[in-house]
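Heads up: the structure comes next, in structure tokens.
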Amino acid sequence: MRTSMSEFPILHLRGPVLLGPEHELLEAWVVEGRIRHERPELPAGSEVLEVDGYVVPGLADLHCHLGIGDGGGGATLEAARQQALTDRDTGVLLIRDAGSIIDTSPLQQQDDLPRLIRCGRHLARTRRYLIGYADEVEPEDLPAAVAREAGRADGWVKLVGDWIDRAAGDLTPCWDAEDFHAAARAAHGAGARITTHTFDEDTLPLVLDAGFDCLEHATGLTHETIARTAEAKIPVVTTLVNVGEFESYARQGERKFPDYAAHMRRLHAARYDRTRDAHDAGVQLLVGTDAGGVLGHGIIHDELDELARAGLDASAILDAAAWAPRRFLDVPGLEDGAPADLLVLPRDPRRDHTALRELDHVVLGGRIVT
Ligand SMILES: [Zn+2]
């Protein structure tokens, strides 16, 4: 491999370079870690690495957990780093972490890791979430907790909106309408956006009324709430691999909580139809794996396969995995001057999403890392 004398190689991407669902360039360059759409002026004798293949922005995982160990519990920072490297090597170069037990902000200084946007610690109602994951609060303390996490995170706060209610024996919202409103006000007042973990049908009208900015899992979407979500232009982070585990949750709860088990099975059975209905209604789907904790890292391609099973075509999958998350998080893609966080593929991923598994190169910040 020929590289320039500088720290960064100069790359000539011989394309096509896919700028978005409808736009492509025949070629582009990477100089000093940034994308250039025009051939740059280079000093005589500069060494340029010629790179052939389809170029797309690095994939984004909008919902995973760095720093939660396998089976739950806080991981070490080094273990969180290994999780991020595992994701990177599958082509994930942008992560919105949906809640971590440890402070992963030191990873943001490590330039060989994906770009990381943190949600801070999950917020949940007392005894209404997985033990040990969340900061558990009661309604009177919720706005202050949201404001605190907004101050610690990177513009995002996550609230667990529903979970099994053991007294009711089923999923129910963890908060009432005014609590959701107060949480959204606190996040927005602190300059952050707020998202919610939600499985239950009844939670969605409450968080839509309250002005939440994003929905995680959203297995309880109905015709009415799909229409409202589309109208409000609120994206849904899919996590279908995680929803695939609902049968095991149902089995675990079956004896003590038969209504809950039946509910989880209904949500599981409807997962592909609901996902496709939301997409068809114009809801922006964003890819999230929910890796970390129950599921291991490095599973984004399994999530993309799930979207294909739900009936999305390859272009829609690529949009949900690469372009739309960057628009939503205000992170550049392959624009002129953007940091060169990109993948080089041997085949056109707009025709077949499985081309995204066939990475010739992963380029992060202008360096070829894989
Ligand atoms: Zn999660």
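Helix 300-309 and the long axis of the chain differ in direction by around 70°, with both axes built from C-alpha atoms. In this structure, the amide hydrogen of T239, modeled 1.01 Å from its nitrogen in the peptide plane, lies closer than 5 angstrom to those of G288, counting only residues at least 5 positions away or on a different chain.
Rounded to the nearest 10 degrees, the angle from helix 142-152 to the longest Cα principal axis of the chain is 20 degrees.
Please label the shape of the chain as rounded, prolate or oblate, based on the square roots a ≥ b ≥ c of the eigenvalues of the alpha-carbon gyration tensor (a/c under 1.5 means rounded; beyond that, a/b larger than b/c means prolate, else oblate).
Working: a/c = 2.05, a/b = 1.75, b/c = 1.18.
Because a/c hits 1.5 or more and a/b exceeds b/c, the chain counts as prolate.
Comparing L59, L204, L13 in a Gaussian network model of the chain where C-alpha atoms under 10 Å apart are linked, the largest mean-square fluctuation is found at L13. By the helix-only formula, in which each DSSP H run with n ≥ 4 contributes -39500 (n - 2.57) and the sum is divided by residues, the chain has a 222 nm mean residue ellipticity of -8000 deg cm²/dmol. Each residue of region 125-139 was assigned a 3J(HN,Hα) from its phi angle through the Karplus curve 6.51 cos²θ - 1.76 cosθ + 1.60 (θ = phi - 60°); the sequence is 6, 3, 6, 10, 6, 3, 5, x, 7, 10, 7, 9, 9, 9, x Hz, with glycine and proline shown as x.
Sort I101, I368, I194 by Cβ crowding within 10 Å, fewest neighbours at the top. Don't skip to the answer; put the middle values down first.
Numbers: I101 22, I368 19, I194 27.
Going from least to most buried by this count: I368, I101, I194.
Annotation: amide H of W156 within the under-5 Å range of R193, sequence separation 5 or more or interchain, hydrogens built in the peptide plane. Each of D165, D202 has some number of other Cβ atoms within 10 Å of its Cβ, and from fewest to most they run D202, D165. Applying the criteria of a DSSP loop state and at most 15 other Cβ atoms within 10 Å to the trypsin sites (Lys or Arg not before Pro) of region 170-240 yields K233. Using alpha carbons only, the radius of gyration of region 109-228 set against its Kirkwood radius gives Rg/Rh = 0.98.
Annotation: amide H of I35 within the under-5 Å range of G337, A338, A340, sequence separation 5 or more or interchain, hydrogens built in the peptide plane.
If you restrict to DSSP beta bridges whose two residues both lie in the chain, what percentage is antiparallel, to the nearest 5? Intermediate values should be presented prior to the final figure.
Values: 23 of 54 bridges.
Given both bridge residues lie in the chain, the antiparallel proportion sits at roughly 45 percent.
For the peptides 158-164, 272-278, the ranking by mean Cβ contacts within 10 Å, running from highest to lowest, is 158-164, 272-278.
Seen through its C-alpha gyration tensor, with square-root eigenvalues sorted a ≥ b ≥ c, region 1-112 comes out prolate because a/c lies at 1.5 or above while a/b is bigger than b/c. Neighbour counts of C-beta atoms inside 10 Å place F328, F180 in the sequence F328, F180, starting with the fewest.
Which of the three applies to region 263-328, rounded, prolate or oblate, going by the alpha-carbon gyration tensor with a ≥ b ≥ c and a/c under 1.5 meaning rounded? Judged from the Cα gyration tensor, region 263-328 comes out oblate (a/c at least 1.5, b/c at or above a/b).
Take every DSSP beta bridge whose two residues both sit in region 53-141; close to 10 percent of them are antiparallel. With the charge dipole of region 224-370 set up from +1 on Lys and Arg Cβ and -1 on Asp and Glu Cβ about the Cα centre, the Cα lying farthest toward the positive end among the listed residues L356, A227, Q252 is that of Q252. Translational diffusion of region 68-137 was estimated from the Stokes-Einstein equation, with Rh taken as the Kirkwood radius over Cα pairs; at 4 °C and 1.567 mPa s the coefficient is 102 µm²/s.
At 0.36 nm per residue, minus the direct Cα-Cα distance, what do D141 and R265 gain on full extension? Give it in nm, one decimal, please.
On the way: separation 124, 0.36 × 124 = 44.64 nm, distance 3.36 nm.
Extending this stretch completely gives an extra 41.3 nm.
For the pair region 51-88 / region 193-258, the C-alpha centres are spaced 23 Å from each other.
Assuming charge only on the beta carbon of Lys and Arg (+1) and of Asp and Glu (-1), the dipole of region 101-230 about its Cα centre is about 380 debye to the nearest 20. For the chain, a crude dipole built from +1 on the beta carbon of Lys and Arg and -1 on the beta carbon of Asp and Glu, taken about the Cα centre, is about 300 debye to the nearest 20. Taking L42, L11, L359 as the candidate residues, the one with maximal mean-square fluctuation in a Gaussian network model of the chain, Cα springs under 10 Å, is L42.
Derived scalar couplings between HN and Hα for region 263-276 equal 4, 4, 5, 5, 5, 5, 5, 8, 5, 6, 4, 5, 4, 5 Hz in order, rounded to whole Hz, by the Karplus curve 6.51 cos²θ - 1.76 cosθ + 1.60 (θ = phi - 60°), x for Gly and Pro. The alpha carbon centroids of region 115-184 and region 312-370 are separated by 32 Å.
Computed from the coordinates by the stated procedures, all read-outs in this text should not be read as laboratory data. Given the structure is predicted, the values throughout are model-derived calculations rather than measurements. Here the Cβ is made from the backbone with ideal geometry for all residues, glycine too, and neighbour counts use every protein chain on show.
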